[in-house]
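One structure is given here, and the rest of the page talks about it.
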Amino acid sequence: MELLYVWIEEYNNIKRQGFNFSPKHHFHFEPNEKEGPVTGGTLTHNEINTSYPDNFFGEHISNITAIVGKNGSGKSSLVKALYDYMLMTQPPIFIFEVEIQEEKTE
């Protein structure tokens with residue numbers, strides 16, 4: 001499973017922001033509302049790197065993402081938001097790519 005994108009409406013100093021985590025895909029969410037709680041919007045997807053090599057990082061690692069920025073830019077808030085949202089039953093927008101492995105029968 002690979003996390004491709006997350007939209008965070010509001011968490012600490014992060015407000016109405018999307019984060020892409022994939023070198024192969026780019027997502028953009030445009031909420032219908034310019035202010036206030038988001039109740040809907042448009043999600044667009046572009047596959048930006050179709051020649052990405054399979055198993056580049058090894059058989060069980062699909063991607064490595066670094067989160068960099070100046071002090072106070074929200075790096076820790078982003079990681080904490082991901083952790084907190086994963087524990088919720090109604091998370092914000094998360095987009096994952098899941099590879100389903102078929103069992104071989106003989």
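Descriptive notes on the structure:
- Computed over the chain: relative contact order in percent, which uses C-alpha pairs under 8 Å that are six or more apart: 34
- Computed from Cα atoms, the angle from the helix 75-87 axis to the main principal axis of the chain rounds to 70 degrees.
- Rolling a 1.4 Å probe over the protein heavy atoms gives the chain an accessible area of 77 Å² per residue.
- Protein heavy-atom surface of the chain, 1.4 angstrom probe: 51% of the accessible area is carbon and sulfur, with nucleic acids and ligands not counted.
- Summed over qualifying helices (DSSP H, 4 residues or more, each -39500 (n - 2.57)) and divided by its residue number, the chain shows a 222 nm mean residue ellipticity of -4000 deg cm²/dmol.
- Choice from Glu30, Glu59, Glu47 with maximal GNM fluctuation in the chain (Cα, 10 Å cutoff): Glu59
- GNM result for the chain, Cα springs below 10 Å: residue of Phe94, Phe56, Phe21 fluctuating most strongly: Phe56
- Positive minus negative residues near Phe27 (Lys, Arg vs Asp, Glu; Cβ under 12 Å): -2
- Largest first, the extents of the alpha carbon coordinates of the chain on the three principal axes equal 56, 32, 29 Å.
The values are calculated or read from the model by the stated rules, or taken from the named source; none is laboratory data. None of the values given here were measured: they were computed from a predicted structure. Note that we place each Cβ from the backbone using ideal geometry, even for glycine, and neighbour counts take in every protein chain shown. Heads up: the accessible areas ignore ligands, DNA and RNA and are worked out on the full protein's heavy atoms, side chains in. Shrake-Rupley method; radii C 1.70, N 1.55, O 1.52, S 1.80 Å.
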